[in-house]
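Each reported figure results from applying straightforward, stated rules to the coordinates on display, with no laboratory input. From a predicted model like this one, the values you see are computed outputs, not experimental measurements. Cβ placement follows ideal geometry from the backbone for every residue including glycine, while neighbour counts extend to all protein chains displayed.
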Amino acid sequence: MYSNAFCKVYNEFGWNYFPEAFAEQLLVWLEQNQVHVNTSLDLACGTGILCEILHEHGIESSGMDFSEGMIEIAKEHNPDIFYEVADMIQYRPDRHFDLVTCTGDALNHIMDLNDVEQIFQNVYGYLNDGGYFIFDILNEKEVPMEEPIDLDFSEEIKAQFIVTHDEEGAVNLKVTVYEQGKLQFEEVIREIVHDEKEVCRLLTKTGFQVLKCSNHLLENKGNYSKTWYVIAKK
């Protein structure tokens, strides 16, 4: 789980580029495929950016996250959206949804594939018939190794990412944030790369129809990512 300090950094330093970009593509995908969504749930919703955007487009959105700090910020952003703190391995809400999402490689924080399979079974249970489960996972071929990636949030705020693998095969993402050249924050986030074919096999085993597993959500030329996008239908 992210520390409260990381949650604050995530929020204050504008770490919203991925959920915003994903939401933009998701809305296009829904329109292109004539998929109508009334209700949605975002697993590991972070500060609720995706939920907010879907809410703004007339979808009754909900979110859950294991981090109390993330959910606290999400509720402050929009108290009209339902958020709750929960562990998605055990999470079984008492309502059903047309769309369930899980982005920002959140499933890579789940270290055991047996737990990933349990999440798939849970989602299948609270997804409406004909509903969609759309998520992303890390693409091992695209995970950089020990090469710092610099990101400028503004002229004053800079961030650096460096990815390494440990002896257990886990991915360690070290995040360092600077403001006006001074160190503000540093944290190591641990994930594991799941084989995309095994992930799709588990989805099929659960009962899902896997419609897509690709490094792009949309078919637009040049719209490729360093993650796998998976679209499954109940």
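One decimal place: the segment E68-L27 gains 12.0 nm when fully extended, by the rule 0.36 nm per residue minus the C-alpha distance.
Rounded to the nearest 10 degrees, the angle from helix 68-77 to the longest Cα principal axis of the chain is 80 degrees. Projecting the Cα positions of L50, Y132, V163 onto the charge dipole of the chain (unit charges on Cβ atoms of Lys, Arg, Asp and Glu, taken about the Cα centre) puts Y132 furthest along the positive direction. When only the Cβ of Lys, Arg, Asp and Glu is charged (+1, +1, -1, -1), the dipole of the chain relative to its Cα centre reaches about 760 debye. For the range 144-190, the ratio of Cα radius of gyration to the globular rule of thumb 2.2 N^0.38 Å stands at 1.24.
If you run the Gaussian network model on the chain, springs between alpha carbon atoms under 10 Å, then out of E155, E60, E52 the most flexible one is E155. Residues S67, S154, S61, ranked from the fewest to the most other C-beta atoms within 10 Å, line up as S154, S67, S61. Going through the cross-link list K75/K226; K197/K226; K197/K233; K75/K205; K174/K226; K158/K233, which pairs have a Cα-Cα distance over 28 Å in this structure? From the list (K75/K226; K197/K226; K197/K233; K75/K205; K174/K226; K158/K233), the Cα-Cα distance tops 28 Å for K75/K226; K75/K205; K158/K233. Per residue, the chain reaches -9000 deg cm²/dmol at 222 nm when only DSSP H runs of four or more residues are counted, each adding -39500 (n - 2.57).
Residues D105, D98, D129, arranged from fewest to most other Cβ atoms within 10 angstrom of their Cβ, appear as D129, D98, D105. Placing +1 on each Lys and Arg Cβ and -1 on each Asp and Glu Cβ, with no other charges, gives the range 39-81 a dipole about its Cα centre of roughly 60 debye.
Hull volume per residue, based on the alpha-carbon atoms of the chain and their convex hull, is 127 Å³. For the range 144-190, the Cβ-based charge dipole about the Cα centre amounts to some 100 debye (Lys, Arg positive; Asp, Glu negative; other atoms uncharged).
Label-to-label distance for E20 and R190 is 3.3 nm, based on points extended 7 Å past Cα in the beta-carbon direction.
Remark: H55, H96 ranked as H96, H55, counting other beta-carbon atoms within 10 Å and listing the fewest first.
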